[in-house]
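So the structure is just underneath, and the comments pick up after that.
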Amino acid sequence: MISRLSTDEARSLLMECRIGRLGCVYENGPYVVPVNYVLDGENIYVHSLGGRKVTALRANPKACLQVDEVVDEYHWRSAIAFGVFGELSDGAEHTRAVRLLLSRFPQLTPVESVPVHDGQSSVILFRIQVEEITGVAEK
(Lines give C-alpha, C1' and ligand atoms only; values in the text may rest on other atoms or scores of the structure.)
Protein backbone atom coordinates (compact mmCIF):
# COMPACT_ATOMS: atom_id res chain seq x y z
CA MET A 1 0.00 0.00 0.00
CA ILE A 2 1.34 3.42 -0.98
CA SER A 3 1.30 6.05 1.76
CA ARG A 4 2.61 9.57 2.28
CA LEU A 5 5.78 10.14 4.22
CA SER A 6 5.72 12.86 6.84
CA THR A 7 7.85 15.91 6.06
CA ASP A 8 10.38 14.70 8.66
CA GLU A 9 10.52 11.21 7.11
CA ALA A 10 10.99 12.66 3.62
CA ARG A 11 13.70 15.06 4.89
CA SER A 12 15.49 12.14 6.60
CA LEU A 13 15.51 10.16 3.36
CA LEU A 14 16.93 13.16 1.51
CA MET A 15 19.64 13.52 4.16
CA GLU A 16 20.53 9.79 4.04
CA CYS A 17 20.90 9.51 0.27
CA ARG A 18 24.05 10.60 -1.54
CA ILE A 19 22.92 10.67 -5.16
CA GLY A 20 19.73 12.33 -6.36
CA ARG A 21 18.13 13.34 -9.61
CA LEU A 22 18.13 17.08 -10.16
CA GLY A 23 15.18 18.32 -12.19
CA CYS A 24 15.05 21.64 -13.99
CA VAL A 25 13.73 23.21 -17.18
CA TYR A 26 15.97 23.41 -20.25
CA GLU A 27 14.70 25.13 -23.39
CA ASN A 28 11.04 24.79 -22.30
CA GLY A 29 11.31 21.10 -21.47
CA PRO A 30 12.22 18.95 -18.48
CA TYR A 31 15.84 18.02 -17.86
CA VAL A 32 16.84 15.51 -15.19
CA VAL A 33 20.38 14.54 -14.27
CA PRO A 34 21.96 12.59 -11.38
CA VAL A 35 24.06 14.61 -8.94
CA ASN A 36 26.03 14.12 -5.75
CA TYR A 37 24.61 16.43 -3.10
CA VAL A 38 24.41 17.18 0.58
CA LEU A 39 21.34 18.51 2.41
CA ASP A 40 22.05 20.53 5.54
CA GLY A 41 18.39 20.62 6.52
CA GLU A 42 17.37 23.75 4.62
CA ASN A 43 19.65 23.84 1.56
CA ILE A 44 20.82 21.25 -0.92
CA TYR A 45 24.43 21.86 -2.01
CA VAL A 46 25.74 20.62 -5.35
CA HIS A 47 28.95 21.13 -7.29
CA SER A 48 29.10 20.96 -11.06
CA LEU A 49 31.10 21.84 -14.08
CA GLY A 50 29.42 24.25 -16.47
CA GLY A 51 26.94 22.70 -18.85
CA ARG A 52 23.28 22.15 -19.60
CA LYS A 53 22.03 21.99 -15.99
CA VAL A 54 23.82 25.17 -14.92
CA THR A 55 22.63 26.97 -18.06
CA ALA A 56 19.08 25.78 -17.36
CA LEU A 57 19.15 26.78 -13.69
CA ARG A 58 20.53 30.23 -14.45
CA ALA A 59 17.68 30.79 -16.93
CA ASN A 60 14.93 29.37 -14.68
CA PRO A 61 15.92 28.93 -11.02
CA LYS A 62 13.05 26.63 -10.05
CA ALA A 63 14.40 23.14 -9.39
CA CYS A 64 13.75 19.89 -7.59
CA LEU A 65 15.80 16.98 -6.29
CA GLN A 66 14.32 13.49 -6.11
CA VAL A 67 15.76 10.48 -4.28
CA ASP A 68 14.58 6.97 -3.61
CA GLU A 69 15.45 3.87 -1.68
CA VAL A 70 14.23 0.70 -3.40
CA VAL A 71 14.28 -2.73 -1.78
CA ASP A 72 11.94 -4.25 -4.38
CA GLU A 73 8.83 -3.23 -6.31
CA TYR A 74 6.69 -3.48 -3.15
CA HIS A 75 9.08 -1.91 -0.63
CA TRP A 76 10.42 1.53 -1.47
CA ARG A 77 10.53 5.15 -0.34
CA SER A 78 10.79 8.28 -2.46
CA ALA A 79 11.23 11.93 -1.52
CA ILE A 80 11.40 15.12 -3.50
CA ALA A 81 12.53 18.61 -2.48
CA PHE A 82 11.35 21.64 -4.43
CA GLY A 83 13.23 24.92 -4.28
CA VAL A 84 15.15 27.72 -5.90
CA PHE A 85 18.66 27.66 -7.39
CA GLY A 86 21.30 30.06 -6.17
CA GLU A 87 24.91 30.13 -7.30
CA LEU A 88 27.49 30.52 -4.54
CA SER A 89 30.50 32.77 -4.90
CA ASP A 90 33.32 33.05 -2.40
CA GLY A 91 32.17 33.69 1.14
CA ALA A 92 31.15 31.95 4.33
CA GLU A 93 28.33 29.90 2.78
CA HIS A 94 30.59 28.85 -0.11
CA THR A 95 33.30 27.71 2.31
CA ARG A 96 30.78 25.85 4.47
CA ALA A 97 29.22 24.15 1.42
CA VAL A 98 32.63 23.01 0.13
CA ARG A 99 33.43 21.56 3.56
CA LEU A 100 30.11 19.73 3.71
CA LEU A 101 30.55 18.29 0.22
CA LEU A 102 34.16 17.27 0.78
CA SER A 103 33.38 15.65 4.12
CA ARG A 104 30.69 13.54 2.46
CA PHE A 105 32.56 13.00 -0.84
CA PRO A 106 36.31 13.19 -0.13
CA GLN A 107 37.07 12.02 -3.68
CA LEU A 108 35.90 15.44 -4.94
CA THR A 109 39.06 17.14 -3.65
CA PRO A 110 40.99 16.93 -6.95
CA VAL A 111 38.00 18.22 -8.95
CA GLU A 112 37.66 21.27 -6.71
CA SER A 113 41.23 22.29 -7.46
CA VAL A 114 41.26 21.90 -11.26
CA PRO A 115 41.90 25.36 -12.75
CA VAL A 116 40.63 26.60 -16.09
CA HIS A 117 42.53 28.89 -18.48
CA ASP A 118 42.24 31.95 -16.21
CA GLY A 119 43.57 30.10 -13.15
CA GLN A 120 40.16 29.92 -11.47
CA SER A 121 38.39 26.72 -10.52
CA SER A 122 36.04 25.46 -13.23
CA VAL A 123 33.72 24.06 -10.56
CA ILE A 124 30.41 25.82 -9.96
CA LEU A 125 28.97 25.50 -6.48
CA PHE A 126 25.25 26.07 -6.00
CA ARG A 127 22.41 25.51 -3.62
CA ILE A 128 18.77 24.69 -3.96
CA GLN A 129 17.03 26.60 -1.18
CA VAL A 130 14.35 24.13 -0.14
CA GLU A 131 10.78 25.42 -0.10
CA GLU A 132 8.84 22.15 0.13
CA ILE A 133 9.58 18.47 0.77
CA THR A 134 7.21 15.60 0.08
CA GLY A 135 7.51 11.85 -0.07
CA VAL A 136 5.70 8.56 -0.55
CA ALA A 137 6.43 4.96 0.28
CA GLU A 138 5.15 1.49 -0.44
CA LYS A 139 5.42 -1.02 2.38
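Can you tell me which residues in region 41-59 are within 14 Å of Gly83 (Cα to Cα) and more than 10 Å from the chain's Cα centre (by Cα)? The answer is Gly41, Glu42, Leu57, Arg58.
Within region 37-68, the only residue that satisfies the criterion of being under 16 Å from Ser12 (Cβ atoms) and either in contact with a His (Cβ under 9 Å, 6 or more places away or on another chain) or of a type in the set (Ser, Thr, Tyr) (or both) is Tyr37.
Of the residues making up region 72-96, those that are surrounded by 13 or more Cβ atoms within 10 Å (Cβ to Cβ), more than 18 Å from Glu9 (Cβ to Cβ) and not aromatic (Phe, Trp, Tyr) are Gly83, Val84, Gly86, Glu87, Leu88, Glu93, His94, Arg96. Residues that are within 15 Å of the chain's Cα centre (by Cα), assigned to a helix (DSSP H, G or I), modelled with pLDDT of 90 or more and farther than 16 Å from Ser6 by Cα: does region 103-122 have at least one? Yes, region 103-122 contains at least one residue that is within 15 Å of the chain's Cα centre (by Cα), assigned to a helix (DSSP H, G or I), modelled with pLDDT of 90 or more and farther than 16 Å from Ser6 by Cα. Just one of the numbered conditions (1) among the basic types (Lys, Arg); (2) free of Cβ contacts under 8 Å to residues at least 40 places away in the same chain; (3) farther than 17 Å from Leu101 by Cβ is not true of Lys53: (3).
Restricting the first member to region 16-41 and to residues that are surrounded by 15 or more Cβ atoms within 10 Å (Cβ to Cβ), and the second to residues that are among the polar types (S, T, N, Q) and not in a strand (DSSP E or B), the beta-carbon pairs closer than 6 Å and six or more apart or on different chains are Val25/Asn60.
Mind telling me which of the residues Ala59, Ala92, Ala97, Ala79 ends up being out of contact with any strand residue (DSSP E or B) (no Cβ under 9 Å at 6 or more places or on another chain), on the phi < 0 side of the Ramachandran plot and at pLDDT 90 or above?
Values: Ala59 fails: out of contact with any strand residue (DSSP E or B) (no Cβ under 9 Å at 6 or more places or on another chain); Ala97 fails: out of contact with any strand residue (DSSP E or B) (no Cβ under 9 Å at 6 or more places or on another chain); Ala79 fails: out of contact with any strand residue (DSSP E or B) (no Cβ under 9 Å at 6 or more places or on another chain).
Going through Ala59, Ala92, Ala97, Ala79 in turn, the sole match is Ala92.
Can you confirm whether region 78-88 contains a residue that is touching a residue at least 24 places away in the same chain (Cβ under 8 Å) and assigned to a loop (DSSP other than H, G, I, E, B)? Looking through region 78-88, none of the residues is touching a residue at least 24 places away in the same chain (Cβ under 8 Å) and assigned to a loop (DSSP other than H, G, I, E, B). Out of the residues in region 1-15 that are of a type outside the set (Lys, Arg) and farther than 20 Å from Tyr74 by Cβ, which is surrounded by the most Cβ atoms within 10 Å (Cβ to Cβ)? Once the filter is applied, the top-ranked residue is Leu14.
The values are calculated or read from the model by the stated rules, or taken from the named source; none is laboratory data. This is a predicted model, so every value here is computed, not measured. Virtual Cβ from ideal backbone geometry, glycine too; neighbours counted across all protein chains shown.
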